[in-house]
Each structure stands twice: as C-alpha cells, then as structure tokens.
1. When the chain is modelled as a GNM with alpha-carbon springs shorter than 10 Å, which of Phe269, Phe166, Phe82 fluctuates the most?
2. Give me the compactness ratio for the chain, meaning the Cα radius of gyration over 2.2 N^0.38 Å.
3. Can you spot the lysines whose alpha carbon is less than 24 Å from Lys202's alpha carbon? Ignore those fewer than 8 places along the same chain.
4. Taking the convex hull of the Cα atoms, report for the range 119-170 its projected area averaged over all directions, in nm².
5. Using every alpha carbon pair in the range 207-298, what percent of pairs falls into each 10 Å bin from 0 up to the bin containing the largest distance?
6. State, to one decimal in nm, how far the label point of Lys153 lies from the label point of Arg336, with both points 7 Å from Cα in the Cβ direction.
7. If you build the Cα gyration tensor of the range 1-144 and take the root of 5 times each eigenvalue, what three semi-axes come out, in whole angstrom, biggest first?
8. Where the centroid of each part is defined by its Cα atoms, how far is the range 262-323 from the range 195-227 in Å?
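Values quoted throughout were computed directly from the atomic coordinates according to the rules given, and no laboratory measurement underlies them. Worth saying up front: this structure is predicted, and the values here are computed from it rather than measured. Positions of Cβ are backbone-derived with ideal geometry, glycine not excepted, and every protein chain shown enters the neighbour counts.
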Amino acid sequence: MSEGAKRVVSGIQPTGDLHLGNLLGAILRWVRMQDEVECLFFLADLHALTVDIDPAALRGQVREMAAALIASGIDPQKSVLFTHSAVPAHSELAWILQCTARVGWLNRMTQFKEKSGKSREGASVGLYTYPVLQAADILLYKATHVPVGDDQKQHIELARDIAIKFNTDFDVELFVPPEPFIGGGAAARVMSLRDGNVKMSKSDPSEMSRINLSDSDDMIAQKIRKAKTDPEPLPEDPELLAGRPEARNLLAIYAATTGASVEQVLARFAGQGFGAFKPALADTVVELIAPIRQRLQQLREDGEELDRILAAGAERARAMAAPTLAQARAALGLTRA
C-alpha cells in the first residue's frame, strides 16, 4: 500500500437474510467505496460464534450473504471479498492483541452489556472479547479507515488504543491506528415498518417489520401498504416531522432509494396523505430491489462459483495479512526478527 493511500476493512455477520436496512445503511455505501479506496469485505463467521449457532446452517448462510453482497454491487474484482475463518491470521492476531488489551477497556464496551442482557454470567467469553477480534480484523491489514455507525465508534477507539499500546510496548511502528471512514456517500438509518423508533432488524419476529432483498414485488408493495403511519398529511417543513417517527422513516426510505433529499421529497408530496405516498414509495423500493433479487437468485444456483470467489478472496487476504502477523510475532520474540 503506497504512502497516503486509504485502505478500508469491514465485515458483516452471515446471519439471516439481508434487508432494506442493511442495503441502505451499509451495503450500498460499501459499493460506492469501491471506487474511492482499497476495500476488504469479509463474512464474519468467527464473530457469529459468539452466540448460539446452527453449525449445519452456517456454511449456507455464508454463501447466502456472499451472494447478497455481490448481487447488491460488491465487485470481487475491485474489492477483496472473503470468509473470516478462511484467514487463520485473524484468530492468531486476536490472541496476541488480547494480551495487549486491558480488562478495564473491555469493561467499558457498552455493546456487551446490551447483548448479554440479564445473563452476563452465562454469556460466552467470545461475546465479551469480540471487540479485540474486531480490532485484529482491522489492524491485520493496516487499515487506515473503518466505516462505522455511531454504535461502533467505541470499537474503533479500542482498536486505536490497542494499536498504540502494542507499538509503544514493543517499540515498533507496526499497527496503524484506524480512523472512522467518512466516504461512500450518506448511509440511511432505516427503521422498522411497525415501529419508527427501532431499527429495521432481521431479529424482529414480525416479517412485516422489514423488507428482505428476497421479497417479491407484490410482497414489498404489501409491506409498505401495511406499514404503520399516522393520519396527518405530509408537511412542507421537515421540522414538522418531529414526533412522527413512522412518517419520518418512510420519507427517509424514499429519499435514500431515489437519491433525493427529504426536503425535495416533501416539496413533491406536501399536503398529501399516505394513501398517495405509499404507492410511490413502493415503486421506488421495487425498482431498487428487483434487479438485486434477480441477480441473487442466479448466484444462489451456482454455489461452486460463490465458493471460487470466496476462495480467491481468501487467498488475496492471506497474502496481505501474512507480513503483519510475521512482524507482530517477531516483535514479541515468538520468531526471529
């Protein structure tokens, strides 16, 4: 990597179907990044192990997620796309960095408290330490930047702390303290179609709360038609959407799928009710998802090609990771410098 160049690393867990929130909130931003910076994207099957999993389903979910990413526009020729566990250097560096990270740092990680809930004592050690594996994922490739949402900024700070401490402890300039990536265009925060106060999620028991990339045109239209709204017409001023989370969510989805601003959307639909707005919204979402769904169906039918793409990506990732791991081992005295 040349001096001054940017390298981005990001991963996604292969659990369940991708939905509109994933697409507008992360994946399309990844697609745009490919033309701006060097990118590595991985299917985080090692992170999936932090909670109960179905071993028989995991491999199929990795393939499904790879297919969905490629169908959405991730180009394996532009980016390095691979499966996490296919690069053993991630696990080895994670252990090395666990010996650098401090317990106090991990105790401040808010996501462990949220994900473990009331059963903290029964949670896996992996769920507690996974931010260190996440740091290894980033530092292994000397990534300069990481695309994150507000809920992940704390993890980037941890990766920076680990990088700086390792470099200082062993008097090396090995790890690059990463920065949050501001690029790839805006990422939309898509909320549930049943509750505008919570994010659209694949863990929501209601299928009507989300639009999956595999949904048919008719199903997309039906879900939008039944999406929760309020009886008030749409205003001219975006400020008047305060206290109307469902209205704000549907407008944000329309804006994100068309590339317009919320102000531009309101200029078109101000004074109209959702009876007029929802069919227009359904049309824009169908137009976005239909070609992705078609490509996804084609990719699903060729598992061998998906495996070939992931194997090629893993080979490239292993070659990129090897020098960093070798230097870390030498710095610790595990091998000769």
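1. Phe269
2. Values: Rg = 21.5 Å, N = 337, 2.2 N^0.38 = 20.1 Å.
For the chain, the normalised Cα radius of gyration comes out at 1.07.
3. List returned: Lys113, Lys115, Lys118, Lys153, Lys223, Lys226, Lys228, Lys278.
4. It is 4.6 nm².
5. Bins of 10 Å from zero give 16, 49, 27, 7, 0 percent of pairs.
6. 4.8 nm
7. In descending order the semi-axes read 26, 20, 14 Å.
8. About 15 Å separates the Cα centre of the range 262-323 from the one of the range 195-227.
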